[in-house]
Amino acid sequence: MAILLDRVVRFIEYPNPDARRAREAVMAATRATSCNIFRRFDPRGLTISLAHFSADFRADFPADFRADFRADLFSQFFGTSYDCDSMTVHPNDPLLPEAKMHIVLPGAPVLARIASSDSCIRGKSASFVRHIGIDLAGTPLEGTFLAGQSFGVVVPGVDSKGRPHKVRLYSIASPSYGEDGFGRVISTTCKRTIEEIPDENDPTRSDGHPLILGVCSNWLCDQSVGNKILVSGPNGKRFVLPANPSEHDYIFMATGTGIAPFRGMIHELLIGPPAGSPSHAQWKGPCQSKIHLVMGSPYRTDLLYDSWFRDLASAHPNFTYHTVISREPLSQPGHGPHTHHYVDARLDFFRPLLDSKRTLIYACGLAGMQVGIFKALAVAGLGGQYLTVHEEIAAVAPSEWTTEQIKRRVRPTHRCMLEVY
Ligand SMILES: Cc1cc2nc3c(=O)[nH]c(=O)nc-3n(C[C@H](O)[C@H](O)[C@H](O)COP(=O)(O)OP(=O)(O)OC[C@H]3O[C@@H](n4cnc5c(N)ncnc54)[C@H](O)[C@@H]3O)c2cc1C
């Protein structure tokens with residue numbers, strides 16, 4: 001217990017200058033209550049506890065600490081920020097494996113090597129996305145990642161204000177045993193950030209819409225095989241496959257580079273480690289669970305790893321690969337333009353799966369994609385297992401929920417995992 005509690009405390013300490021006080025408050029609180037709320041030992045555990053602990057304990061946390069906790073810690077480690085005060089633990093929650101975290105901190109990153117860099121885009125596209133392999137051999141990060149976790153990249157040099165560049169997180173696209181079977185080579189799916197930022201005051205000004213090239217994504221995509229890069233991690237411990245994958249069925253929903261973790265997870269579920277690798281002996285063979293991947297992208301050319309997923313779907317009858325194209329004419333009547341519309345339009349097909357106590361939903365990609373998913377689930381009367389709805393909007397029909405209400409008042413349960421950025 002003490003070790004696990006320490007992890008929670010480490011999470012708290014990391015971004016918070018008032019760490020000693022926070023630590024004492026957590027220690028006092030856990031002495032005063034039964035600690036099963038910490039059973040996952042992730043930062044959400046702590047936030048759940050804020051709802052359950054006495055008012056005295058909550059008062060011990062200064063309001064700005066809690067804001068810090070949410071804004072910094074959640075966005076840093078999960079790429080999203082939650083106000084989890086109303087989150088509860090449900091009986092069919094998956095048992096997650098113990099994930100290693102923060103073995104290398106962004107403040108002291110280690111040198112890894114670019115092992116490969118290949119375009120993921122087929123034909124002409126407005127986006128530039130690369131599948132990048134990173135060799136961690138000889139670093140403390142070797143063999144530490146689970147599929148679904150992310151790692152940090154620290155660009156050398158300083159930003160426009162003269163400060164060292166902040167770390168950027170990237171989901172690993174490789175399975176837990178890496179691209180090589182030994183966990184030495186991880187990979188990611190990196191999209192170059194290229195944006196035109198209009199002048200808010202006068203969008204018509206010809207000199208008021210500079211082109212912004214994201215610092216890290218472009219730097220990373222520019223690197224050649226053999227170049228050294230500074231990395232940290234692992235990050236995130238909730239967006240991972242359950243410890244016993246065959247106990248669950250899966251709906252994976254991705255937009256854009258949100259496909260990265262699903263490449264790793266589905267590799268792990270269906271293909272498994274290569275013969276001769278350390279984890280091969282423990283692998284129980286292809287998972288027989290129902291696995292659905294719903295991949296959304298604006299154009300067909302932006303479907304990442306498309307042929308790999310198609311080949312897998314042909315080889316494994318329990319795996320179905322659904323593609324949803326938002327900016328091309330609808331190919332099949334009834335299919336909407338986004339991933340949740342697709343599921344919505346095919347509710348007869350998905351309902352038994354969503355109704356099942358075995359099913360887990362994983363969604364990864366554009367920030368905001370969860371709004372459509374949450375609403376579609378709730379409107380269909382399927383939210384019960386996947387969502388916790390704050391009492392403030394419990395009496396409002398889900399079809400009337402505003403985006404703001406969903407963002408602030410609807411939380412995923414542990415059966416619905418989100419990684420949005
Ligand atoms: C958990 C997690 C996993 C992730 N996984 C992936 C992944 O697998 N693949 C992937 O591609 N990305 C991923 N990301 C996103 C990634 O971390 C970066 O945010 C992304 O690559 C952009 O970083 P950048 O340095 O290129 O852009 P930045 O330089 O950080 O710019 C980001 C944005 O800031 C704004 N901005 C920057 N400069 C200016 C300026 N001068 N004026 C006005 N606005 C400006 C723009 O809106 C710009 O798009 C993930 C993020 C998280 C949190």
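The values are calculated or read from the model by the stated rules, or taken from the named source; none is laboratory data. Computed from a prediction, not measured in an experiment: that's the story for all the values here. Don't worry about glycine lacking a Cβ; one is built from the backbone with ideal geometry, like all the others, and counts go over all protein chains shown.
Residues of the range 171-229 that are within 7 Å of the ligand (Cβ to nearest atom), at pLDDT below 95 and either acidic (Asp, Glu) or under 30 Å from residue 276 (Cα atoms) (or both): 195 alone. Residue-level check: of (1) touching a residue at least 24 places away in the same chain (Cβ under 8 Å); (2) in contact with a Lys or Arg (Cβ under 6 Å, 6 or more places away or on another chain); (3) not small (Gly, Ala, Ser), residue 268 misses just (2). When restricted to residues that are within 13 Å of the chain's Cα centre (by Cα), closer than 30 Å to residue 324 by Cα and not in a loop (DSSP other than H, G, I, E, B), the range 225-259 contains 9. So for the range 104-127 (the condition being within 10 Å of the ligand (Cβ to nearest atom) and among the aliphatic types (A, V, I, L, M)), does at least one residue qualify? No: the range 104-127 contains no residue that is within 10 Å of the ligand (Cβ to nearest atom) and among the aliphatic types (A, V, I, L, M).
Residue by residue, here is whether (1) under 19 Å from the mean Cα position of the chain (by Cα); (2) within 13 Å of the ligand (Cβ to nearest atom); (3) assigned by TED's automatic domain parsing to the domain that holds residue 188; (4) not aromatic (Phe, Trp, Tyr) holds:
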{"position": "130", "(1), (2), (3), (4)": "yes, yes, yes, yes"}
{"position": "134", "(1), (2), (3), (4)": "no, yes, yes, yes"}
{"position": "144", "(1), (2), (3), (4)": "yes, no, yes, yes"}
{"position": "147", "(1), (2), (3), (4)": "yes, yes, yes, yes"}
{"position": "167", "(1), (2), (3), (4)": "yes, yes, yes, yes"}
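Criterion applied to 271, 291, 251, 259 was being of a type in the set (A, V, I, L, M, F, W, C), within 16 Å of the ligand (Cβ to nearest atom) and at pLDDT 95 or above, and the one residue passing it is 259.
Could you check the range 372-421 and list, in sequence order, the residues that are outside any loop (DSSP other than H, G, I, E, B) and β-branched (Val, Ile, Thr)? 373, 379, 388, 389, 393, 403, 406, 410, 420, listed by residue number.
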